[in-house]
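Since every read-out is calculated from the coordinates, none of them should be taken as a lab result. Just so it is clear, the model here is predicted, and its values are computed rather than measured. Positions of Cβ are backbone-derived with ideal geometry, glycine not excepted, and every protein chain shown enters the neighbour counts.
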Amino acid sequence: MMNAIAKQPLPLADAGAALKEAMRHLVGGVSVITAGTGEERTGLTVTSATSLSVDPPTMIVCVNRNASSWPVIQRHRHFVVNILAAHHQAVADRFAGRGGVKGAERYAEARWRTLATGALALEDALAAIDCEVEEIIERHSHGIIIGAVRALTIAPTPSAPLVYGRGRYGTYAA
């Protein structure tokens with residue numbers, strides 16, 4: 001691994017911190033992953049959701065196995081990838097746990113609807129992709145969750161997406 005400033009190899013002990021710093025330069029779309037039902041519903045904010053395949057329609061999301069959402073996704077075997085618009089920053093913050101908000105409390109101050117798997121979708125998300133867990137691959141600190149798409153909604157008049165890079169939210173402008 002190379003030090004970006006001095007162009008010298010980094011000691012292995014510093015590799016994780018350096019990788020984290022390097023990845024801050026990669027701007028990603030912000031999604032909220034929702035899972036569970038009733039009082040057991042929860043979720044998290046991610047930039048690690050992506051499509052795996054369109055035939056069959058399949059998604060991948062990477063979740064830290066220490067996250068409170070991890071056992072809920074494992075138990076309920078479903079999740080929704082809610083792709084956020086620029087005006088959803090408060091939703092992203094709640095699902096990131098800012099302010100100490102946890103579990104079902106994260107759903108406050110937004111409107112939700114139940115999709116095919118029983119998971120909740122943000123009503124005004126740019127898109128909401130409802131998935132049934134097909135496979136979970138546990139590697140290191142994270143689980144790679146592969147989900148078969150069971151339903152989806154797309155905003156009729158999309159607005160600018162919410163993005164995240166260098167530790168801050170922003171918007172995408174063509």
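Could you tell me the relative contact order of the chain? Use alpha-carbon pairs under 8 Å, at least six residues apart, and round to a whole percent.
On the way: 359 pairs, mean separation 44.3, N = 174.
The normalised contact order for the chain reaches 25 percent.
Stretched out fully, how many nm does the piece from A174 to M23 gain, at 0.36 nm a residue minus the Cα gap?
Roughly 52.1 nm would be gained on extension.
Taking amide H positions as placed 1.01 Å from N in the peptide plane, with prolines and chain starts having none, which residues 5 or more places from E134, or on another chain, fall under 5 Å of its amide H?
I146, G147, A148
Given a Förster distance of 41 angstrom, what is the FRET efficiency for R139 paired with H87, based on the Cβ-Cβ distance and rounded to 0.05? Walk me through the intermediate numbers first.
Values: r = 35 Å, r/R0 = 0.84.
In this case the efficiency is close to 0.75.
I need the calculated FRET efficiency for the pair E40 and A15, taking r as the beta carbon distance and R₀ as 35 Å, to the nearest 0.05.
Details: r = 37 Å, r/R0 = 1.05.
Using R0 = 35 Å, I get an efficiency of 0.40.
List the GluC sites (Glu not before Pro) within segment 54-150 that DSSP assigns to loop and that have no more than 15 neighbouring Cβ atoms inside 10 Å.
E109, E123
Once mean projected area of the Cα convex hull in nm² is worked out from the coordinates, which option in [x] 22.2; [y] 11.5; [z] 13.3 does it equal?
Checking each listed value against the structure points to [y].
Could you work out which residue, out of P161, P56, P71, moves most in a Gaussian network model of the chain, that is, has the largest mean-square fluctuation with Cα springs under 10 Å?
Maximum among the listed residues: P56.
Amide H neighbours of A127 under 5 Å, counting only residues 5+ apart in sequence or on other chains, H built in-plane at 1.01 Å?
I83, A155
Check which residues have an amide H placed less than 5 Å from W112's amide H, if you skip close sequence neighbours.
E123
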